Amino acid sequence: MASRKKTRMQWYRIDLHIHTPASADYQEADITYLDILRKAEFRGLDIIAFTDHNTVAGYAAMMKEIDRLTYLERLGRAQPEELRTLAEYRRLLDKILVLPGFEFTATFGFHIMGIFDPETPIRQLEHILLSLNVPLETLDSGSSQVGASSDVLTAYRVINQAGGICIAAHANSTHGVAMRGLDFGGQTRIAYTQDSNLHALEVTDLTNKGRGSTQRFFSGTKPEYPRRMRCIQGSDAHRLNAQPGADKNKNLGVGDRVTEVQLDESSFEALLALFKSNDFSRSKPDTGSRKPYDYVEVAREEGPSVIQAFHESMTRRGGRLYNIIADTCAFANGNGGTIYVGVDSDRSKAPVGVTKVQESIDTISQEISRMITPALDVEVDTLESQGKQIIRLQVPAGDDRPYAIEDYKIYVRDDTETNLAVRDEIVNLVMQGQGDSSRSVTPSDETAEPLEKPPTDTPPTVTTNDSQDEQIAPPRGGVEIIGTEHRNNTPYHILRDLRNGNIVKNVTRTSARRLWHYAITQTETNPVKTEKVQWQGEIGLWRRYQKAGETRYDLVQRENGNMRVYYGVTESGMHGPWQVFLGPDDEE
């Protein structure tokens with residue numbers, strides 16, 4: 001079935017990463033909590049969070065001061081200045097929602113924010129920090145160095161289970177779980193950015209629209225990073241005002257880096273619901289522009305992908321409505337996705353929009369309910385783009401796979417195309433539906449504890465379990481042909497799709513799709529010549545080429561006297577030693 005969402009929303013400006021004098025590294029003397037609130041008002045903030053290092057002492061001190069002034073007022077013993085201070089607190093707290101939180105330092109020095117409901121008792125927040133192995137003395141000192149604290153995944157789980165919003169702080173920067181240059185063993189890096197208990201990534205490049213931005217990387221289009229992550233930005237203010245002449249990303253003041261979120265009210269409950277939702281159109285970087293936010297145009301900039309599709313019309317004639325339903329089925333059999341109706345992916349074409357919007361929504365909803373089995377809950381609503389109404393379908397990753405149209409047509413998504421599943425893909429979908437193939441991302445036993453703890457006063461570095469004496473793991477993308485047999489002079493190939501781990505048999509060049517077709521064509525017409533491989537020990541680069549504006553790599557590996565070939569590996573699949581072959585564009 002399809003559900004429709006119609007609620008009255010408005011945009012709120014938030015800065016969820018603000019330090020106070022309770023942090024040991026706060027940079028300005030004599031700043032009061034009232035000063036911070038006044039600055040937040042001046043910057044037009046609606047919601048802020050106090051996130052001191054490994055402590056809630058800042059938020060506790062502010063509330064204690066308010067309680068003291070309220071008590072004196074009740075006794076009639078408050079001085080005029082104290083009454084004015086209390087009135088100012090009340091005025092500002094009526095205008096700005098202030099949330100308690102902390103910035104926890106996990107194992108390896110990674111920083112994680114936990115943000116909570118104002119009704120949460122201070123003692124409960126302190127208990128959470130103690131359960132994460134924060135020393136007692138740090139609860140008062142606000143130091144970012146805590147010794148042997150809990151690991152990243154434990155912190156995610158504890159914060160989420162306690163009802164908090166869990167955010168990886170400055171994830172792409174110093175002490176961030178997605179910082180460039182870090183290379184984790186096995187699945188650890190993936191787990192740190194894809195864990196189900198993690199609600200968002202705070203990043204410093206949210207306004208960067210380039211292909212190399214953190215938000216684009218975690219858009220859900222990378223096979224090894226299938227969960228789309230909400231990215232936000234915050235000031236990480238350790239001072240009231242930005243330091244003059246400082247780097248634009250360092251020593252910011254309150255409200256110098258802001259996110260806008262669309263909520264039905266200014267409350268912790270509404271904010272938590274947003275972070276748990278998959279509606280990514282309801283958060284955006286605040287750039288100072290007052291132009292209406294056109295999320296459809298943002299999606300068109302990213303283009304069609306494994307999680308995104310565009311349809312200019314939905315007429316039955318020509319099969320356009322059927323194509324929408326087929327995409328819905330394919331996304332449900334994958335990691336979910338979003339479908340836009342009334343707009344072409346080609347940005348040179350103006351959106352045509354949808355007329356008779358409610359009738360069109362009803363038609364799509366009825367066709368999904370009628371044609372797709374088992375039942376699938378798809379959220380259907382509208383967005384405006386260039387003055388036109390665009391229908392949006394938000395398709396979840398299905399829990400009861402495989403999903404089929406008319407009971408037997410099973411579709412899957414392959415990059416930007418939707419295709420009928422082949423036999424082995426159907427088998428994998430059935431196994432997933434039976435719970436035999438989990439889609440959750442957790443580190444394997446051999447990589448759950450990757451390494452040594454780095455000093456916490458320097459950017460964290462992590463060594464991998466790989467060494468020159470150990471076998472290097474294959475890349476995390478591309479396709480490998482692992483077997484071939486000939487029947488009636490036609491080669492039938494067995495493929496391992498490294499993007500999802502599936503093994504597919506009986507694939508010919510004529511029946512293969514896109515990357516499979518490329519791998520088979522290269523194998524049959526342009527086999528690897530070992531003397532022309534660019535070798536680095538037991539791994540090598542055979543070919544580098546461009547596909548849809550993205551650099552891809554054909555890689556080889558010598559293993560036990562054999563040679564394995566990995567075709568069409570993208571930059572995101574180049575982990576560990578494989579990164580030596582990255583070109584300059586990929587290293588930016």
Which listed residue (ILE361, LEU139, GLY234) has the Cα farthest towards the positive end of the charge dipole for the chain, taking +1 on Lys and Arg C-beta and -1 on Asp and Glu C-beta about the Cα centre?
ILE361
If the reach is capped at under 13 angstrom between alpha carbons, list the aspartates and glutamates near LYS388, excluding any in the same chain fewer than eight residues apart.
ASP294, GLU297, GLU312, ASP344
Relative to a virtual label point 7 Å from the Cα of THR363 in the Cα→beta-carbon direction, which members of segment 300-330 show backbone nitrogen distances below 18 Å?
310-328
Local electrostatic count, ASN506, Cβ distance below 15 Å [Lys/Arg +1, Asp/Glu -1]:
+2
Which FRET efficiency, nearest 0.05, do GLU302 and PHE42 yield, Cβ-Cβ r, R0 35 Å?
0.50
Only Lys, Arg, Asp and Glu count, each charged at its Cβ (+1, +1, -1, -1), so figure out the dipole size of segment 2-293 about its Cα centre, rounded to 20 debye.
1460 debye
Taking the Cα atoms of segment 472-587 alone, what are Rg (to one decimal) and Dmax (as a whole number) in Å?
13.9, 46
Per-residue Cβ contact counts at 10 Å, fewest first, order TRP578, TRP535 as TRP535, TRP578
Can you sort LEU555, LEU72 from fewest to most other Cβ atoms within 10 Å of each residue's own Cβ?
LEU72, LEU555
Quickly work out the ASP346-to-ALA148 label distance, labels modelled 7 Å from Cα along the C-beta direction, and quote it in nm with one decimal.
6.4 nm
Going by the alpha-carbon gyration tensor, a ≥ b ≥ c the square roots of its eigenvalues, is segment 180-275 rounded (a/c under 1.5) or, if a/c is not under 1.5, prolate (a/b greater than b/c) versus oblate?
oblate
Backbone N within segment 248-265 under 15 Å of label point (7 Å from ARG282 Cα along the Cβ vector)
260-265
Can you give the FRET efficiency to the nearest 0.05 for ASP94 and LYS209, using r as the Cβ-Cβ distance and R₀ = 30 Å?
0.20
All other residues with a Cβ under 10 Å from the Cβ of LEU92 taken together, and with Lys, Arg as +1 and Asp, Glu as -1, what is their net charge?
+1
Percent RCO, i.e. relative contact order, over the chain, from Cα pairs under 8 Å lying at least 6 residues apart
13 percent
Among VAL580, GLN522, GLY477, whose Cα lies farthest out toward the positive end of the dipole of segment 472-587, if unit charges sit on the beta carbon of Lys, Arg (+1) and Asp, Glu (-1)?
GLN522
Helix-only mean residue ellipticity at 222 nm, the chain, DSSP H runs n ≥ 4 weighted -39,500 (n - 2.57), per residue, nearest 500. What is it?
-7500 deg cm²/dmol
In whole Å, what is the distance between the alpha-carbon centres of segment 110-161 and segment 492-539?
48 Å
Please give me the summed charge of the neighbours of ALA78: other residues whose Cβ is under 12 Å from its Cβ, Lys and Arg +1, Asp and Glu -1.
+1
Kindly identify segment 305-379 as rounded, prolate or oblate by the Cα gyration tensor criterion: order the square roots of the eigenvalues as a ≥ b ≥ c, call it rounded if a/c is under 1.5, otherwise compare a/b with b/c, prolate if a/b is larger, else oblate.
oblate
Correct choice for semi-axes √(5λ) of the Cα gyration tensor in Å that was computed from the model, options [x] 46, 31, 20; [y] 61, 33, 27; [z] 74, 25, 22:
[x]
Angle between the Cα long axis of helix 33-42 and the longest principal axis of the chain, 0 to 90 degrees, nearest 10?
60 degrees
Rounded to one decimal in nm, the spacing of the 7 Å Cα→Cβ label points at SER289 and GLN161 is 4.4 nm
Quick one: MET431, MET179, fewest Cβ neighbours within 10 Å first, how do they rank?
MET431, MET179
Where in segment 313-408 are there trypsin sites (Lys or Arg not before Pro) that are in a DSSP coil and have at most 16 other Cβ atoms within 10 angstrom of their Cβ?
ARG316, ARG347, LYS349, LYS356
Zone reached by a paramagnetic label modelled 7 Å from LYS409 Cα along Cα→Cβ, restricted to segment 310-344 with backbone N below 18 Å, covers 310-334
Round to the nearest 0.05 the FRET efficiency obtained for LEU582 and GLU524 when R0 = 35 Å and r is the Cβ-Cβ distance.
0.80
What distance in nm separates the two pseudo spin-label positions at LEU130 and ASP117, each 7 Å out from Cα along the beta-carbon direction?
2.2 nm
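All of the numbers you see were taken from the coordinates with simple rules; none came from a lab. Quick caveat, the model's predicted, so the values are computed rather than measured. Ideal geometry is used to build each Cβ from the backbone, glycine not excepted, and the neighbour counts take in all protein chains shown.
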